[in-house]
Amino acid sequence: MFSDKEVFKKEFIETLEYTSSKTLDEASPINLYNTLGTMIRSYVSKNWINTIKTYQQSGEKQVYYFSMEFLLGRLLQSNMLNLNILNIVKEGLDDLGVNIDAIVEQEHDAGLGNGGLGRLAACFLDSIASLQLPGHGCGIRYKYGLFEQKLVDGYQLELPDYWLKEDYVWEVRRTDRSVHVRFGGHVEMNQDNGELTFEHKNYETVLAVPYDVPIVGFDNNTVNTLRLWSAEPVITGYDMYTSDRENYYKFLNYKRSIETISEFLYPDDSHFEGKKLRLKQQYFLVSAGLQSILQSYKRKIKASLRDLPEKIVLHINDTHPALIVPELMRILIDEEGFSWEDAWRITTQTCAYTNHTTLVEALEKWPISLFKELLPRIYMIVEEINERFCRDLWLKYPGEYNRISELAIIADEQVRMAHLAIVGSFSVNGVAKLHTDILKEREMNNFYQVYPEKFNNKTNGITHRRWLMSANPKLASHITDAIGTRWIKQPRDLIGLLKYANDSSFQEKVSQVKLDNKIALAKYIKAQTGIVVDEHSIFDVQVKRLHAYKRQLLNVFHIMELYNLLRENPNLDIVPRTFIFGAKAAPSYFFAKEIIKLINTVANVVNNDPHIQGKLKVVFLENYGVSIAEKIIPAADVSEQISTASKEASGTGNMKFMMNGALTIGTLDGANVEICDMVGRDNIFIFGLTSEEVLNYYSHGGYVARSIYNNDPRVRTVLDQLMDGFCGNDKVEFKDIYYHILSNNDEYFVLKDFDNYVETHQKVDLTYRDQKDWVKKSIVNIAHSGKFSSDRTIGEYATDIWGIRPVIIK
Ligand code: 26V
């Protein structure tokens, strides 16, 4: 490690010359980025090797977190922060006349995830390493991450996210650790000394090549591994050098078809589609990951596979990697010669599963025909798991056909992945208290009755290192000035800020930081969109994926209502507001795309109407992702967390905003409930139906959206404006929204919650006028945000589920 900035500067110049053959004057920003990245990567390599060795020698149990998504964002700044060298580097670069932010900005976000689930996985890796826990990530190295969003005339356009076009400095290709994954073919059963054996024949082999990314812990020497798998053809000399043209083209086709497996991330996280390629991706991840784990287990740990549950845990992040259950069974039975009973004991004591959604549309159910054709041996195993499970159920619930068919893993010609994950795991957890209660009492109640001991809650968290220390360094520094540094390793200590909630000098500092962050965001908005926003207006932000249940629509309807009021009375006394949106819609989710167009259409009208005296601005920032979030969240005054109660499993944006001092306007949904419990009703703006009320309406009816339309003139005006070309739009442009609300009876209760939402926004306005009161509430939020650090969450996973302990790396 560089001991001081002089050493750093010298090494920086040397590395620059070595990596780019350029001097500082000649170097491009990307040259500078590669130089710094290469330096940091090489600094971590000693600790990386050391961590792997120490884990091996310690014989401690390790967790492998299997996830189809890791939404890492950029790594340069967070790695420097975790290595405690951010300041030395910043000062050294300043001396050299180089701006560190300009270098950091060069890194392309690793967008290997859709949203909440993928970002959670990334926060978890950061916390696992920072708590010195032996744990690693297992994922896919997609060639294209989540699409890049462009707005053209207010419409979303998707461009491929070719994030690897520059070398990715953090990865190390490990060809020597490649494994084979098999697809298709058929299974032959044989009798061997009275034992049934299974032989997989005529399969297609795919080479899985791992790329390892170091995961650097905070101020410790731990460097864990995120192993990302890439699909390649198995090349033999014959394939390569054949002189036969036809064979050569065949080979090229084959190569392409193999490489498709790790080509792109599926961008639709709202709708399950039974796509063969997606199932291929899932098995590819699971089989490659598991083979490599077991190979290293055998190489390093002298124990028998019988003891696997004492040595490793396989975590299943949502049902996407649930094939790990039958894959482990396959390896234990077919390759290691275990009996079914022993293999089942080992498997079910090794796997643990997290559920991240109760939306039925997102539940994975694979058609048997597709499953069987692609994974014949795995299908046989799933069938056997199902038969044995149903037999047990029959003993528990004799004669209850309906109950048993509801619980079955295979039914209606489909394989139900959630059922497989629950039956094959020793732990099933939800991601917030309310979500877990809904799983236990409703969505998975029949499973809860069978396995009450498996169910538990682990409320989500976010890494305060990225989302506070790195994204909002000025706030972090004021916090440290006030309460010392202990909060950095013990985020719960942020509670010490409560003492300062009424302290004028601290309040002033917090207000000033917020203003500075708003000025910086205003600059970004101007540069990106040309829109000028008033940094003294309330920055009211909703950034997250676009989904009907997240109700961006409720937000827009409120803006339309405010605008209508201002049109009627331009002198209306309101605190000026800037509404900021960021959201990607799944490419085939037409309703969501219509909402993006609506936001932009309303923005266009509002921002260009001189009558309203600039009291209202609406901004849609394109291509929302991790790095843009890091700019937006520290500048927010108001955090919009307005999902239909019961629908948002947890939410994690809510926690990021709170930690940065924004006040939440939200429903009692997901982790909002726990945020509310922590800060108290005085420090959060809660509105809307409760989850119980929503679920009651779903079960028993009784809600008629049209009667609200008929009786509330504000609602009628807003809805009619969708259809009368008021926004200068084509009259039928927003008809789907209109009919979704009025003809389909407003599935997500937008109209039902409208009145209360508007009223609650009036409270926001009134509260903001008393700046002292506002900043006090803001400090109370920051003070209570320690609970929502992913360090707390991971601590709970480690003790309650994984049974792993910290290992000190010297
Ligand atoms: C589903 C699918 C369907 C097939 C294609 C790709 C794909 C990708 C993701 C998903 C499931 C998405 C589930 C999800 O992201 N849940 C979110 O998880 C967050 C972390 O626990 C939580 O905070 C959010 O409330 C929850 O919506």
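Among the residues of the stretch 104-126, are any assigned to a loop (DSSP other than H, G, I, E, B), of a type in the set (Val, Ile, Thr) and surrounded by fewer than 24 Cβ atoms within 10 Å (Cβ to Cβ)? First the steps, then the outcome.
Taking the stretch 104-126 as the starting set, the residues that turn out to be assigned to a loop (DSSP other than H, G, I, E, B) are 105-109, 113-115.
So of that shortlist, the ones also of a type in the set (Val, Ile, Thr) come out as none.
No, every residue in the stretch 104-126 fails to be assigned to a loop (DSSP other than H, G, I, E, B), of a type in the set (Val, Ile, Thr) and surrounded by fewer than 24 Cβ atoms within 10 Å (Cβ to Cβ).
Would it be correct to say that Arg551 is crowded, with 24+ Cβ neighbours inside 10 Å and of a type in the set (Lys, Arg)? Spell out the reasoning first.
Values: crowded, with 24+ Cβ neighbours inside 10 Å: yes; of a type in the set (Lys, Arg): yes.
When the stated conditions are applied, Arg551 passes them.
When the stretch 16-30 is examined, which residues are found to be polar (S, T, N, Q) and farther than 17 Å from Asp94 by Cα?
Just the residues of the stretch 16-30 that are polar (S, T, N, Q), to begin with: 19-21, 23, 28.
Hits for the stretch 16-30 are Thr19, Ser20, Ser21.
Taking Cys676 as meeting all but one of (1) farther than 25 Å from Lys772 by Cβ; (2) assigned to a helix (DSSP H, G or I), write down the number of the exception.
Cys676 satisfies every listed condition except (1).
Is there any pair with a first residue in the stretch 447-458 that is touching a residue at least 24 places away in the same chain (Cβ under 8 Å) and a second that is of a type in the set (A, V, I, L, M) whose Cβ atoms are under 6 Å apart and which are 6 or more apart or on different chains, and what are they?
Phe447/Ile422; Lys454/Val428; Phe455/Val428
Exactly one of these conditions fails for Gly289: (1) open to solvent by 50 Å² or more (accessible area, probe 1.4 Å); (2) within 30 Å of Asp800 (Cα to Cα). Give me its number.
(1)
Would you check which residues across the stretch 205-241 are in contact with a strand residue (DSSP E or B) (Cβ under 9 Å, 6 or more places away or on another chain), open to solvent by 30 Å² or more (accessible area, probe 1.4 Å), more than 23 Å from Glu336 (Cβ to Cβ) and modelled with pLDDT of 95 or more and list them?
Residue satisfying the conditions is Glu232 alone.
Can Phe734 be described as over 15 Å from Met560 (Cβ atoms) and either out of contact with any Cys (no Cβ under 6 Å at 6 or more places or on another chain) or surrounded by 15 or more Cβ atoms within 10 Å (Cβ to Cβ) (or both)? Walk me through how you get there before you give the answer.
Working: over 15 Å from Met560 (Cβ atoms): no; either out of contact with any Cys (no Cβ under 6 Å at 6 or more places or on another chain) or surrounded by 15 or more Cβ atoms within 10 Å (Cβ to Cβ) (or both): yes.
So Phe734 fails the test.
Inside the stretch 95-154, can you point out the residues that are among the acidic types (Asp, Glu) and within 17 Å of Ile628 (Cβ to Cβ)? Please lay out each step first, then the result.
Narrowing the stretch 95-154 to residues among the acidic types (Asp, Glu): 95, 101, 105, 107, 109, 126, 148, 153.
Those that are among the acidic types (Asp, Glu) and within 17 Å of Ile628 (Cβ to Cβ): Asp101, Glu105, Glu107, Asp109, Glu148.
Any idea how many residues of the stretch 737-754 are under 19 Å from Gly688 (Cα atoms) and open to solvent by 80 Å² or more (accessible area, probe 1.4 Å)?
Start the filter on the stretch 737-754 by keeping residues that are under 19 Å from Gly688 (Cα atoms), which leaves 741, 745-754.
Those still in the list that are open to solvent by 80 Å² or more (accessible area, probe 1.4 Å) too: 747.
Result for the stretch 737-754: 1.
Give Tyr748, Tyr739, Tyr697 a once-over and let me know the one that is aromatic (Phe, Trp, Tyr) and over 23 Å from Tyr589 (Cβ atoms).
Working: Tyr748 fails: over 23 Å from Tyr589 (Cβ atoms); Tyr739 fails: over 23 Å from Tyr589 (Cβ atoms).
Unique residue meeting the criteria: Tyr697.
Conditions (1) more than 16 Å from the ligand (Cβ to nearest atom); (2) farther than 27 Å from Gly115 by Cβ; (3) not small (Gly, Ala, Ser), marked per residue:
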residue	(1), (2), (3)
Gly625	no, no, no
Gly651	no, no, no
Met678	yes, no, yes
Leu695	yes, no, yes
Tyr703	yes, yes, yes
Ile708	yes, yes, yes
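Restrict the check to the stretch 262-283 and report whether at least one residue is touching a helix residue (DSSP H, G or I) at 6+ places or on another chain (Cβ under 8 Å), among the hydrophobic types (A, V, I, L, M, F, W, C), outside any helix (DSSP H, G or I) and more than 16 Å from the ligand (Cβ to nearest atom).
no
Quick one: Gly424 ticks every box in (1) surrounded by 18 or more Cβ atoms within 10 Å (Cβ to Cβ); (2) under 29 Å from Ile331 (Cα atoms); (3) in contact with a Lys or Arg (Cβ under 7 Å, 6 or more places away or on another chain) bar one, so which box is it?
The one condition Gly424 does not meet is (3).
What is the one condition in (1) within 16 Å of the ligand (Cβ to nearest atom); (2) among the acidic types (Asp, Glu); (3) closer than 30 Å to Leu75 by Cβ that Asp437 does not satisfy?
The failed condition is (3).
Considering only the stretch 686-713, how many residues are open to solvent by 40 Å² or more (accessible area, probe 1.4 Å), farther than 19 Å from Leu742 by Cβ and either charged (D, E, K, R) or not in a helix (DSSP H, G or I) (or both)?
Here the count works out to 3.
The values are calculated or read from the model by the stated rules, or taken from the named source; none is laboratory data. Values in this document were obtained by computation on a predicted structure and should not be read as measured data. Positions of Cβ are generated from backbone atoms using ideal geometry, with glycine treated the same way; all protein chains shown enter the neighbour counts. For the accessible areas, the whole protein counts, side chains as well, though only heavy atoms, and no ligand, DNA or RNA atoms are used. Shrake-Rupley method; radii C 1.70, N 1.55, O 1.52, S 1.80 Å.
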